[in-house]
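The values are calculated or read from the model by the stated rules, or taken from the named source; none is laboratory data. What you see is a predicted model; the values in this text were computed from it and never measured. Counting neighbours? That spans all protein chains shown, and the Cβs are built from the backbone with ideal geometry, glycine included. In case anyone asks, the SASA skips ligands and DNA or RNA and just uses the protein heavy atoms, side chains included. Shrake-Rupley method; radii C 1.70, N 1.55, O 1.52, S 1.80 Å.
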Amino acid sequence: MTATYDIAVLGAGPAGTNAALAAAGAGKTVLLIDEQATAGGQVWRAKSASIRSTPTTPESRAGDALRARLLAATNSGKLTYLCSTRLWQIERVGADWAVHLLTDDKVTQHSARALVLASGAREFVQPLPGWTTPGVLGLAGVTALMKSEQIPPGQATVVSGTGPLVFYAASETRRLGGTVVAVVTPNRRCDWLKVLPALLRRPKLFLRGMLWIADLTLARVPVLWGHTVTSVEGKQTVSAVNVQSVDHTWAPRGTARHLSADSLCLGHGLIPATEAAQLAGATLCHDPALGGWIPQATVDGSTDVSGLYLCGDGAGIRGADAAETQGTLAGLKAASDLGAKGLVQRIRALSRRHAARSRFGIAMAALSIPRAGMAEWSTAQTIMCRCEDIRRATITAEISAGASSANAVKSGLRAGMGPCGGKFCQTAIARLIANQTSRAVGDIHPPTPRPPLRPVPVSAIAEGFDYDDLPIPKPAPL
């Protein structure tokens, strides 16, 4: 089945949904594609049906409002919304974009004159001994679990990582009935003082963060500033974690402390998901302040590729509020470039608002910029690629043998060729290459993305194929 739209939008988080709504409001036919069953993304994730009557939160209220606007637009026929749908290939066909989708194990293809990518971000977890033990959860992943299911990650949880998410996750764990053994963060109080001006510009968010910390303080939860988890104990599940203080580079120093726990929430910031933008031909640049490798785009989402627009955290980590604004900007810009009238003044006004909202998100992201000492968190036997079970010693040997790029390590060891497609390991592997070859991380380009962007059953792609249809020539006469 093939349908044609003016604009196709990938991602139904705050950025993508607002891009779709803005473009549809400007009179364009719009296709919105999302992998999740409901719109909202990770930040505004919808509650599951079983806990819908539980008390609301600012995130659930913002998500509900967004989903109501989306429902109204789809009911009016202005917008087509495909949920539970994977985008696995993007290609140019003439002047249009062809997007290849997978829904209910069936592949479809649609075309659009413009493409808006709001692919969001993924979590970065620095590998350390025991990080693949059952009971270790990604910090961002566990917040999604708590938003959708309203259950704590365990009964005795250590929450460890960078930025504000550790305090949110710890406070939510307590609110949902779990016990927080300790909050462990390599950030120091002085790191937070540096971002205080940006915090004070958003008093509601600042007050919310202070309430999380006050809740933990009143509950006498230890907050270990300037510390990190260095190893996880347990075979079938987490039984304890060891923590150490860190120096200014975040290298572990001093004597390890032993904390008994049945679960660990672990996360070290967010990374823009750039694979779809790369496949569409966008140029990448390295900007640690925005999460590392990002596709080049202007504030209104325009790129150097005709008909391609980017918005949200996939174009640089700036936070949900900025993503919402930039999504609207990208949708309006795409519609304007396709001939919609009267949008220029609105685009200019939104650009100024986006700049103001970005300052807060960028300040929070600064707390998670990786430091050199993190390389000491893993050992030679630490698993780096969990899909292919590849340990650090194997990767460093490959680098010593001459593999000086992410593509070379991937080709030689299959690191990044498992089900996750390198989403969990490539950032850490790039840092290993940089350290071992005495180069900057910004010199280690991400691997070349290739379709499928998401796993696709071969049976779906081969549907309708019959070997008898192959044009096999008759054997030549003897």
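Being in a loop (DSSP other than H, G, I, E, B), among the hydroxyl-bearing types (Ser, Thr, Tyr) and either within 18 Å of the chain's Cα centre (by Cα) or under 22 Å from ILE151 (Cβ atoms) (or both) is the filter here; which residues of region 17-68 pass it?
THR38, SER48, SER53, THR54, THR56, THR57
Any residue in region 204-211 that is of a type in the set (Lys, Arg), assigned to a helix (DSSP H, G or I), at pLDDT 95 or above and surrounded by fewer than 23 Cβ atoms within 10 Å (Cβ to Cβ)?
Taking every residue of region 204-211 in turn, none turns out to be of a type in the set (Lys, Arg), assigned to a helix (DSSP H, G or I), at pLDDT 95 or above and surrounded by fewer than 23 Cβ atoms within 10 Å (Cβ to Cβ).
Could you tell me whether region 415-434 includes any residue that is farther than 20 Å from ARG391 by Cα, of a type in the set (A, V, I, L, M) and in contact with a strand residue (DSSP E or B) (Cβ under 6 Å, 6 or more places away or on another chain)?
Kept after step one, since they are farther than 20 Å from ARG391 by Cα, are these residues of region 415-434: none.
Among the residues of region 415-434, not one is farther than 20 Å from ARG391 by Cα, of a type in the set (A, V, I, L, M) and in contact with a strand residue (DSSP E or B) (Cβ under 6 Å, 6 or more places away or on another chain), which makes the answer no.
Being surrounded by 19 or more Cβ atoms within 10 Å (Cβ to Cβ) and touching a Phe, Trp or Tyr at 6+ places or on another chain (Cβ under 8 Å) narrows it down to one residue among LEU266, LEU310; which is it?
Of the residues listed, the single one that is surrounded by 19 or more Cβ atoms within 10 Å (Cβ to Cβ) and touching a Phe, Trp or Tyr at 6+ places or on another chain (Cβ under 8 Å) is LEU266.
Give the residue, chosen from SER336, SER358, SER351, that is of a type in the set (S, T, N, Q), open to solvent by less than 50 Å² (accessible area, probe 1.4 Å) and either part of a loop (DSSP other than H, G, I, E, B) or in contact (Cβ under 8 Å) with a residue 60 or more places away in the chain (or both).
Going through SER336, SER358, SER351 in turn, just one is of a type in the set (S, T, N, Q), open to solvent by less than 50 Å² (accessible area, probe 1.4 Å) and either part of a loop (DSSP other than H, G, I, E, B) or in contact (Cβ under 8 Å) with a residue 60 or more places away in the chain (or both): SER336.
Report yes if ALA315 is closer than 19 Å to ILE90 by Cβ and open to solvent by less than 10 Å² (accessible area, probe 1.4 Å), otherwise no.
So ALA315 passes the test.
Taking the options VAL99, VAL116, VAL107, name whichever one is modelled with pLDDT of 95 or more, in contact with a helix residue (DSSP H, G or I) (Cβ under 6 Å, 6 or more places away or on another chain) and outside any loop (DSSP other than H, G, I, E, B).
VAL116
Kindly indicate the residue of region 163-190 that is part of a loop (DSSP other than H, G, I, E, B) and in contact with a strand residue (DSSP E or B) (Cβ under 6 Å, 6 or more places away or on another chain) and also most open to solvent (accessible area, probe 1.4 Å) among those meeting that condition.
Here the residue is ARG188.
How many of the residues making up region 7-46 are charged (D, E, K, R) and open to solvent by less than 30 Å² (accessible area, probe 1.4 Å)?
Count: 1.
Considering only region 452-478, state which residues are under 19 Å from GLU91 (Cα atoms) and among the charged types (D, E, K, R).
Scanning region 452-478 gives a single hit, ARG454.
Does PRO58 satisfy the condition of being within 19 Å of VAL241 (Cβ to Cβ) and either open to solvent by 30 Å² or more (accessible area, probe 1.4 Å) or not basic (Lys, Arg) (or both)? Walk me through it before giving the result.
On the way: within 19 Å of VAL241 (Cβ to Cβ): no; either open to solvent by 30 Å² or more (accessible area, probe 1.4 Å) or not basic (Lys, Arg) (or both): yes.
No.
Restricting attention to region 81-95, which residues are more than 16 Å from GLN36 (Cβ to Cβ) and open to solvent by less than 50 Å² (accessible area, probe 1.4 Å)?
Result: GLN89, ILE90.
Here is a check on your reading of the model: is ASP321 part of a helix (DSSP H, G or I) and open to solvent by less than 40 Å² (accessible area, probe 1.4 Å)?
no
Listed here are the residues, each with its yes/no results for (1) open to solvent by less than 10 Å² (accessible area, probe 1.4 Å); (2) not in a strand (DSSP E or B).
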| residue | (1), (2) |
| --- | --- |
| VAL229 | yes, no |
| THR237 | no, yes |
| VAL241 | yes, no |
| THR255 | no, no |
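Return the residues of region 421-446 that are open to solvent by less than 20 Å² (accessible area, probe 1.4 Å), in a loop (DSSP other than H, G, I, E, B) and either out of contact with any helix residue (DSSP H, G or I) (no Cβ under 9 Å at 6 or more places or on another chain) or not small (Gly, Ala, Ser) (or both); say none if nothing qualifies.
Selection gives CYS425, ILE444.
Pick from region 293-309 the residues that are in contact (Cβ under 8 Å) with a residue 40 or more places away in the chain and closer than 24 Å to ARG202 by Cβ: which of them is nearest to the chain's Cα centre (by Cα)?
GLY301
Would you check if there is a residue in region 290-300 being in contact with a Lys or Arg (Cβ under 6 Å, 6 or more places away or on another chain), crowded, with 19+ Cβ neighbours inside 10 Å, under 27 Å from PRO449 (Cα atoms) and not aliphatic (A, V, I, L, M)?
Yes, because at least one residue in region 290-300 is in contact with a Lys or Arg (Cβ under 6 Å, 6 or more places away or on another chain), crowded, with 19+ Cβ neighbours inside 10 Å, under 27 Å from PRO449 (Cα atoms) and not aliphatic (A, V, I, L, M).
Looking only at region 272-293, how many residues end up being part of a strand (DSSP E or B) and out of contact with any helix residue (DSSP H, G or I) (no Cβ under 6 Å at 6 or more places or on another chain)? Talk me through it step by step, then tell me what you get.
First pass over region 272-293, keeping only residues part of a strand (DSSP E or B): 272, 284-287, 292-293.
Narrowing further to those that are out of contact with any helix residue (DSSP H, G or I) (no Cβ under 6 Å at 6 or more places or on another chain): 284-285, 287, 292-293.
Of the residues in region 272-293, 5 are part of a strand (DSSP E or B) and out of contact with any helix residue (DSSP H, G or I) (no Cβ under 6 Å at 6 or more places or on another chain).
Take region 404-420 and flag every residue that is open to solvent by 50 Å² or more (accessible area, probe 1.4 Å), without any contact (Cβ under 8 Å) to a residue 40 or more places away in the chain and out of contact with any Lys or Arg (no Cβ under 7 Å at 6 or more places or on another chain).
Filtering region 404-420 for residues open to solvent by 50 Å² or more (accessible area, probe 1.4 Å) gives 404, 407, 411, 414, 417, 419.
Now drop any that are not without any contact (Cβ under 8 Å) to a residue 40 or more places away in the chain, which leaves 404, 411, 414, 417, 419.
Listed by number, the residues that qualify are SER404, SER411, ARG414, PRO419.
Looking for whichever is at pLDDT below 95, in a helix (DSSP H, G or I) and on the phi < 0 side of the Ramachandran plot here; the options are ALA375, ALA393. Which one fits?
ALA375
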